[in-house]
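Chemist: Below: one structure in C-alpha cells.
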Amino acid sequence: REAPIPKMLAPCLLRRAVFTVPLVFVVALLVTEPVRADQEAGTAIPAESRPCVDCHAFEFMQRALQDLKKTAYNLDTRTETLLLQVEKRNLCDCVAANLLN
C-alpha cells in the first residue's frame with residue numbers, strides 16, 4: 001500500500017511546480033537564438049515574384065469550372081446520342097413489327 005502524501009507536502013509541490021514551469025520557459029527562450037529578418041531564407045521565392053493566394057484560388061476555380069463545363073457537355077452529348085439510339089431502335093422495332101403483320 002502506498003503512503004499518502006502528507007497534507008503539508010501537496011501545497012509545497014504545487015507551489016514549486018508553479019514557479020518551475022515558467023522558469024523553464026524563460027530559460028528556453030533565453031537559450032534559443034532569435035530568428036533575424038536578414039537571415040537567408042534558403043530557396044524561398046521572394047513575395048514580390050509569387051502570386052497571391054487569392055490569385056491561385058481564382059485560377060484553380062477557373063480550371064475546375066472549365067473541367068465541369070467539359071464534363072457537362074460530354075454528358076449532354078452522350079445522353080443525346082443514347083436517346084437517338086433508343087429512338088432509332090424503337091423506330092426500327094416498330095417498322096419491323098408492322099412489316100411482320
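The values are calculated or read from the model by the stated rules, or taken from the named source; none is laboratory data. This is a predicted model, so every value here is computed, not measured. Heads up: the accessible areas ignore ligands, DNA and RNA and are worked out on the full protein's heavy atoms, side chains in. Shrake-Rupley method; radii C 1.70, N 1.55, O 1.52, S 1.80 Å.
Chemist: Output the residues belonging to segment 84-101 that are open to solvent by less than 100 Å² (accessible area, probe 1.4 Å) and either at pLDDT 85 or above or not β-branched (Val, Ile, Thr) (or both).
Modeler: Once the filter is applied, which keeps residues that are open to solvent by less than 100 Å² (accessible area, probe 1.4 Å) and either at pLDDT 85 or above or not β-branched (Val, Ile, Thr) (or both), segment 84-101 yields Gln85, Val86, Asn90, Cys92, Asp93, Cys94, Ala96, Ala97.
Chemist: Only one residue in Ala41, Ala37, Ala47 is at pLDDT below 85 and open to solvent by 90 Å² or more (accessible area, probe 1.4 Å), so which one is that?
Modeler: Ala37
Chemist: Something else now. Being among the hydrophobic types (A, V, I, L, M, F, W, C) and either over 15 Å from the mean Cα position of the chain (by Cα) or modelled with pLDDT of 90 or more (or both) is the filter here; which residues of segment 53-69 pass it?
Modeler: Cys55, Phe58, Ala64, Leu65, Leu68
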